[in-house]
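**Student:** Please see the structure below; I have some questions.
The values are calculated or read from the model by the stated rules, or taken from the named source; none is laboratory data. Bear in mind that the values here come from a model prediction, so they are computed numbers and not experimental data. Positions of Cβ are generated from backbone atoms using ideal geometry, with glycine treated the same way; all protein chains shown enter the neighbour counts. These accessible areas exclude ligands, DNA and RNA; they are computed on the full protein's heavy atoms, side chains included. Shrake-Rupley method; radii C 1.70, N 1.55, O 1.52, S 1.80 Å.
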Amino acid sequence: MTPETIPYLCGGILFDLLLESRKPRRKARNKLNGGSDGLTAPGVYAGLIHIVTGEDVSTYAGTTLEKCASDYKKCLSSKGTYVPFTEPATQSAFDAAYKRKDPDLLERTSGFIDGYLNAGKCEWLTRALIETMQSDKNLQDVEIAVSYDTTMKVCNLHTAQKIIFLPFLLSVIHFVMVNRPECESGRPTFETWYSQSNSKAEWKFNKKTNKVGESIQPLNVSTDLTIPEKPITEIIEAEASEDLSDHEVITDALTQTAKIMATALGNAEHQLAERIRQNQRKTQESKKEAAPEVEEEENSSSEEKATVIHQTVVNQYGDHPVHIDHVENLKL
């Protein structure tokens, strides 16, 4: 694939920029005393694989990993046992994990930054990535994260007031691994950025002629690797309040408090109304059940009264029993 622009961001070029942002290497003498510092190209390459797949290949890949890392760095070949980035299944799984905001991805990326990258170079790496992406007209509308809940189009990234490096780097890795995971398209860019003293010498980043990142003004880049535990809505409110005046902050806080109280009162009012409705229904049901008993009591009382009147009449006339239906004809 022949890129339309130089520089051109693909998997190989992303890997190169990560290598140039490494922590300082230990001296050979110190490495002999304390073992490898883990900052070799194969080491960083294994770290990139771990971000994408969650698998640690550094413990068993050996020389095969070194060969794959070397070819990927020089943008020669994306083929090999340990080049998982171009495998459709790996790309699909990584894409799905990123879109569902799998917290493991942030954890692995945080570990990568902490283990391999120089915090002092992360601001340069951010500017270099932005410049490289902005040089490609096909990427201008691609959304890249500048914080845990905010994205910006590539064309506007240089205007960001603040960029949190952890979600930014993971967002760039996601774009590259899903869309341009191979390295061959970056070979012209590699040859522009790197040089070697002879055909067998090591390729080195030409810092005198390579000014990548310098066209972007210094940025406010936070390298804090603390992953927030607050809900996204709370983060948005906290970040938004930083740019408000004292009066606006107080007004906003009172407004939010009023909304919360209104919601609480509304809920309480509804609950009270429901209780009243329930009590009314119970009272009505009780009355319906009690109505027959009242009628029976009334009938019973009437019978008792009739019996008393009959007994009185009979007793009053002694030897002359009188039927109750003849009482109305008596002259009392």
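**Student:** List the number of the failed condition for Tyr194; all other conditions in (1) modelled with pLDDT under 95; (2) crowded, with 19+ Cβ neighbours inside 10 Å hold.
**Tutor:** Failed condition: (2).
**Student:** Please enumerate the residues belonging to segment 140-151 that are open to solvent by 40 Å² or more (accessible area, probe 1.4 Å) and farther than 18 Å from Lys101 by Cβ.
**Tutor:** Gln140, Asp141
**Student:** Kindly indicate whether any position in segment 162-171 is at pLDDT 95 or above, open to solvent by 40 Å² or more (accessible area, probe 1.4 Å) and assigned to a loop (DSSP other than H, G, I, E, B).
**Tutor:** Residues of segment 162-171 at pLDDT 95 or above: 162-171.
Next, from what is left, pick out any that are open to solvent by 40 Å² or more (accessible area, probe 1.4 Å): 162.
Going one step further and asking which of them are assigned to a loop (DSSP other than H, G, I, E, B), we end up with 162.
Yes, that holds for at least one residue.
**Student:** Exactly one of these conditions fails for Lys73: (1) open to solvent by less than 30 Å² (accessible area, probe 1.4 Å); (2) modelled with pLDDT of 90 or more. Give me its number.
**Tutor:** The single condition Lys73 does not satisfy is (1).
**Student:** State which residue pairs qualify: first residue open to solvent by 100 Å² or more (accessible area, probe 1.4 Å) and inside segment 204-218, second residue in a loop (DSSP other than H, G, I, E, B) and of a type outside the set (S, T, N, Q) in any location, beta carbons under 7 Å apart, and separation of 6 or more residues or different chains.
**Tutor:** Close Cβ pairs satisfying both conditions: none exist.
**Student:** Moving to a separate point now. Of the residues that make up segment 137-158, is at least one in contact (Cβ under 8 Å) with a residue 40 or more places away in the chain, over 23 Å from Phe112 (Cα atoms) and of a type in the set (Ser, Thr, Tyr)?
**Tutor:** Checking segment 137-158: not a single residue is in contact (Cβ under 8 Å) with a residue 40 or more places away in the chain, over 23 Å from Phe112 (Cα atoms) and of a type in the set (Ser, Thr, Tyr).
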